[in-house]
Amino acid sequence: MATYTVVDNKIKIDFHGIKPDATVRGKMKAVKIWWDPDRKIWHGPKNSDTVAVANEICGGTVSVSSTVTPVRRYARIEPAKDYALKIKIKDIIAADKAQLDSWEKELRDYVNEIMGEDNASHDGDPVSKSQESVWINCFKFIASTLNGLDSEKQEFELIFEYSLPGTVHERPDILLVTDKKAISLEFKQKCAPQVDDNKDDVAQAIRYKEWLENHHKVTREKALEVKSYLVCTHKAAVSGSLRGIQILTKSDFLDAIDSELEGQLACSFIDAWLSSMKTEMPDMLQAIEIMYRDGKIPYISDVNEKCLKKVLAYIEDAKTNHKKILILINGVPGAGKTAVGQSVVFEENQGGAANAVYLSGNGPLVEVLQYQINQVGHSEYMGENAIQGMKEFKSGYFSSPTRQNTKVPEQSILIFDEAQRAWDEEKLKRGYSEPEGLFDVGERIYNERNYAVLIGLYGNGQVIYDGEETGLSLWRDALLRHRDWCVIASDELSSELPGLGSRLIEDNDVFLPISLRADFIDCSKWVEQAINRNGSTPQGAKDELAELQKTSMRICVTRDMSKVHTRAREMDVDHPEWKYGMLISNFAEQSVVRRVLPGWNIGWNGANVVTKGEYGPWFAGNCKLLSKACTVYGNQGLELDCPIVLFGGGYIRRRGQWVARGYPYDRQKNKFQDPERIVENNFRVLLTRARKEMILLIPEDPVLDETYQYFIAMGMDELYIQATK
C-alpha cells in the first residue's frame, strides 16, 4: 500500500516499488505531484489539494511538520571553516605515513564538501587520484626541504586549501601568513610552469596575489605584504622568474622560505584573517557610481523610475523602522527588472558604501555584466564589486549539511536575480532551498544591523533548469518559516502567496508592464500566442503579429543561411552599432542544425556553442561573426539588437500543435517535472531577446516544414522580402 509523509511543507508519496496506474498518476499530476526517478518517489508542495489526493490514494492521514522556523540539525555542529588544514611546519617534517594519509583524507573531505554543488552536477565525482597524489607530494616536498629551518621558524603554520572569500574555486595550495605578510605557494609536479592556452600556471599565481591584495578585507586593513610563488617539485625543475612570479624548486625553496620568515612573528590575528570577508574596495565602487551616472554601462539607464523610487522608499522604511522585508519585482520580458536591480545597487552604494549587492545564479549574465563594467573601467576586478555569482555567495554564506555558517555579508540589501529559478532543496543539496538560505543570511544581517532587505527579480515562464520548477511556492514556504518578514508583491504574484495575511503588501508599482528592451514595444503577447501549448490559437498569434508589424519591430523568417548573411551585411552598413547573433534552444538536434549550418558542432562544449569565459566578448561583439550560437542557458536575461533564433527540431508544429521531441529532449526529459513546459520556456526566452529586429532561421528539414508554414500562415514576412524593402 502507498504511504505518504509531509516534511517542511513538502509531500512525498511512496508506492514501495509498485507503479501506480494511469488514473492515479493523472490525479497526482493534476495537483503537481511529480515522479522523482532518482529517489523513486512522487513529490510536490504541501497544500490542501495535494494532501487530499495523498489521503485518497494512501487511505489515511499523517501529521505534518510545524510552519514555525525550524531548528536545522547538523550531523556535527561546527562553525563554517574556510580552509582544510592548518599545520605547523615541524609537524609536517615529523609526520609518518599514517599522519599523511589522515591529512590527505581531511583535504579530500573538505574539497568534496565545498565543491558539493559541482560534484552534484557531475554525478558526484570525488576528488581525483591525481589531486590526492599532489597533496602527498606536497607534504613530502615540504618535509624534505624545510627540515633545514631553525626550530623557531618551524613553528609557523601552513594553511592548506584556503578558499579565497567571494570565490568558489580559487584555493591556493598553501598560504603562509605572518603578522606582516601573506604568502601564496602554488605547487606543480612539473619541470616548469605551464603557460599555454590550456593552462596558465603563472596567471594563476598572479591572480591569487591580486585577489589577496584587492579583495581580502583583513589583508587590506592590516596592509600585509602579499607574495606569490610557483613551486615546481619535479627533480629536473629549474628555478627562475616569469612575469614577476618567482619559480622555486628543491634547490632554493628552503632559502626563499627562510628569507621570508626572517624577523617575522606568528600572525596574532590569524582567526580573523581566515574568516575575512571579501572587501568591496571603495575606490572601485566610486568608479562604478560614475559609470552608472554617465550611462556608460549599456541599457542600465533603461529603468522604470516609478518602480525604482517605490523600492528605494521601502528600503528606507526598513532602515528607519527596523524591518525585514522581501520585495518581489516582476514584469513582462524586457521590462527592465535587471536594470532596476542594478540601479538599486548604484543608489545604495553611493559614496563608496557597500550596502547592496546584485546576486545572480545566471553565470553568463554575471560574466557579461562584469565584462562590460571591467571594459569601461579598465579594471579586471571592478565588475566583481557590483555583480556576484550566486554560487560564490552560497559558498561564502550558506550553511552546509555539517557546518553552520555564521558569517554576515557587508551588504544589508541582497538582490536576487531571476527569483523564479531559485533552487529547491533537492537541487541545492544542503537540506533547504535557496530562498530559505537567503532568509537565513537575512536573519544574520538583521541581528547585526537592525534591518534586512531581500529583493527578488521574478520573470514568469522562464524556468529552464531542473530543480527550479517549484517557483514561487519556495519563497512562500520560506516566508511561512520566517514569520516576522513582510513581502511586497504585485497583484499578479500575491495571488500565488496565500496564507501570509497582513504580512503581504500588494503594490502594483513593483510590476513592470512595458518592455524597454525593444523601444517600449512589447512582443511578449505575440510570443505567448505563437508558442504557448495551451490557451493560444493561430488566429491569436496572427492578430498579435499584425499589431507588432505596425511598430518598428521587424520579425521575419527564412530557411536560407545565405540570406541571414546578406541581412547581416546590411545591418553592418545601416546600423554598425547593432549587435546580432545566433541563439539556440538547449534541445536542438545537431543533425537538424547541420541542414542549415553544415559541419556545426553544438554538443557539450562544441566548437560552435558559446561556453564559459566567452559570454562577455560574445555579447560585446563576437556574436556578429555568426560562428557560434548562444544557448538559452547563456542568453537568459541578456539581449541583442537582432537575435537570429535557430529552430533546431526540439520544438515543432505537428498536426496543428506544438510538440517537444528529438534525441536531446528524450535524453533530458526525465530530469524535469514538466519537460514540455521547459522546452516551451526555452522558446519563450529565445523569442524575447530582441531590441530592434528578429530573424527566425528554420532549417530545410522535413520535421520543420509545418513549423515554417505556421509562421508564414501567420503573416510573417520571409527574410529576403523584408531585407529588400
Exercise. How big is segment 524-723 by the Kirkwood estimate over distinct Cα pairs, in Å?
Worked result: 16.9 Å
For this session: Take the Cβ-Cβ distance between residue 614 and residue 3 as r, set R0 to 45 Å, and report the resulting FRET efficiency rounded to the nearest 0.05.
Result: 0.35
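How much length, in nm to one decimal, is gained on full extension between residue 539 and residue 654, taken as 0.36 nm per residue of separation minus their Cα-Cα distance? Could the numbers behind the result be given before it?
Details: separation 115, 0.36 × 115 = 41.40 nm, distance 1.68 nm.
So the chain would gain 39.7 nm between residue 539 and residue 654.
Provide the FRET efficiency to the nearest 0.05 for the residue 575-residue 191 pair, computing r from the beta carbons and using R0 = 51 Å.
With R0 = 51 Å, the Cβ-Cβ based efficiency is 0.45.
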Problem set entry | Point-charge dipole on Cβ atoms (K/R +1, D/E -1) for segment 544-607, about Cα centre, debye to 20 | 220 debye
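Considering only DSSP beta bridges whose two residues both sit in segment 85-274, what percent are antiparallel, to the nearest 5? Spell out each step's value before the answer.
Details: 15 of 26 bridges.
Counting only bridges with both partners in segment 85-274, antiparallel ones make up about 60 percent.
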Seminar exercise, completed: Going through 217/427; 105/181; 427/612 one by one, the pairs whose alpha carbons sit over 25 Å apart turn out to be 217/427; 105/181
Problem set entry | Dipole of segment 3-58, positive end: most advanced residue of 34, 57, 9 [Cβ charges, Cα centre] | 34
For this session: Using only C-alpha positions, report the orientation-averaged shadow area of the convex hull of segment 3-58, nm², one decimal.
Result: 3.4 nm²
Problem set entry | Distance-filtered residues of segment 253-274 - backbone nitrogen under 18 Å, label point 7 angstrom along residue 238 Cα→Cβ | 253
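Which value, in debye to the nearest 20, gives the size of the charge dipole of segment 85-274 about its Cα centre, when Lys and Arg are +1 and Asp and Glu are -1 at the Cβ? Mind dumping the intermediate values first?
Numbers: 24 positive and 35 negative charges, 81 e Å.
Using Cβ point charges on Lys, Arg, Asp and Glu, segment 85-274 gives about 400 debye.
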Problem set entry | Rounded to the nearest 20 debye, dipole of segment 135-176 from Cβ charges on Lys, Arg, Asp, Glu | 160 debye
For this session: Using R₀ = 41 Å, calculate the FRET efficiency as 1/(1 + (r/R₀)^6) where r is the Cβ-Cβ separation of residue 633 and residue 252; round to 0.05.
Result: 0.30
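Only the coordinates and a few stated rules stand behind these numbers; no lab work does. Since the model is a prediction, treat every value here as computed from it, not as a measurement. Note that each Cβ is placed from the backbone with ideal geometry, even for glycine, and that neighbours are counted across all protein chains shown.
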